[in-house]
Amino acid sequence: MNKQLLFVIVIYNLDFHQSSTYQTLLLPHSDIPTYIIDNSLYSQIVQDSNVIFYSHHPDNPGVSFAYNEAAKYAKENGYEWMLLLDQDTHFPNGILQEYLDCIRSRPDIHLIAPPVNVSNGRYMSPVKLWWKMGLINNNVPKGQIISLYDYSPINSGMCISVDAFFKCGGYKNQVFLDYSDFQFIERFRRISDKGYILKTEIHQEFSTLVDDRDKMLSRYQLFCLSLKQCDMPSFVDRMGYAMVVLKRGVSLILKTHSFRPVLIFFKYYIK
């Protein structure tokens, strides 16, 4: 079995085989070994020949824990690269070859990511961060090296050298969902300040684009809990993260016509 690349996918409350990522990337490339982390309450039976490991966590410890666990497996079993995946991404034909070509032709690059567009035609990755806020843009770099001080890729579709992953310290488990990727990039910059953005873009459903009031408030609670655990070594960092959480809260007040986001902010972020 070729151990150059390991697919790593995190799924939650979805049949693995119904995942857009499975249907557009894993199924067409069944020769690539796949590591599944299932954070759903109930496990499922997965008997695909390329699924080398299925890890079930009904307590849902988050994506950072999942990626760290998969990285340990990759290192122990001699894999060189990991392609991090979630369940809601559409990968176009030919993109895997572009990943592999970049791995082989650019030995100085240890992190590769695609442009990621959302349903409104704008790009959510790589993003520029202003006071810790990710700015969704109409245009992003494609087919070129970027500075990770200028842009930050998101988890979905990020391909990382296993060796570099451990040199930078991996993901911070406590930042279990939101900003897990941005925190990882801050760690990764300690060993390399550059990454490569593919020419081919992928499409992802943006998880915050929901219109159910209770779901939005529940999601904001998780947002507060995750960002509260981000590394904040300076006053500027603390102010930046507070502004990010407050901005999301104000937006929710306007959308839900409720002041519950204020209570959530103080209970789950400030307290």
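The values are calculated or read from the model by the stated rules, or taken from the named source; none is laboratory data. Every value quoted in this text rests on a predicted model; they were computed, and no experiment measured them. Positions of Cβ are generated from backbone atoms using ideal geometry, with glycine treated the same way; all protein chains shown enter the neighbour counts.
Among the conditions (1) of a type outside the set (Lys, Arg); (2) under 30 Å from residue 101 (Cα atoms); (3) at pLDDT 95 or above; (4) within 14 Å of the chain's Cα centre (by Cα), the only one that residue 178 does not satisfy is (2). Scanning the stretch 113-140 for residues that are part of a loop (DSSP other than H, G, I, E, B) and either aliphatic (A, V, I, L, M) or more than 26 Å from residue 237 (Cα to Cα) (or both) returns 114, 115, 118, 119, 120, 121, 122, 138, 139, 140.
Conditions (1) surrounded by 14 or more Cβ atoms within 10 Å (Cβ to Cβ); (2) basic (Lys, Arg), marked per residue:
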| site | (1), (2) |
| --- | --- |
| 204 | yes, no |
| 239 | no, no |
| 251 | yes, no |
| 271 | no, yes |
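Among the residues of the stretch 45-103, count how many are surrounded by fewer than 15 Cβ atoms within 10 Å (Cβ to Cβ) and among the β-branched types (Val, Ile, Thr). Count: 1.
State all residues of the stretch 152-208 that are polar (S, T, N, Q) and assigned to a strand (DSSP E or B); if no residue qualifies, say none. Within the stretch 152-208, 152, 161, 204 meet the criteria. Restricting the stretch 119-150 to residues that are free of Cβ contacts under 8 Å to residues at least 40 places away in the same chain and surrounded by 20 or more Cβ atoms within 10 Å (Cβ to Cβ), the residue that is farthest from residue 245 (Cα to Cα) is 125. When we screen 35, 54, 73 for residues that are touching a Ser or Thr at 6+ places or on another chain (Cβ under 9 Å) and part of a helix (DSSP H, G or I), the only hit is 73. Filtered by the rule that a residue be of a type in the set (Ser, Thr, Tyr), within 20 Å of residue 203 (Cβ to Cβ) and not in a helix (DSSP H, G or I), the stretch 12-32 gives 12, 19.
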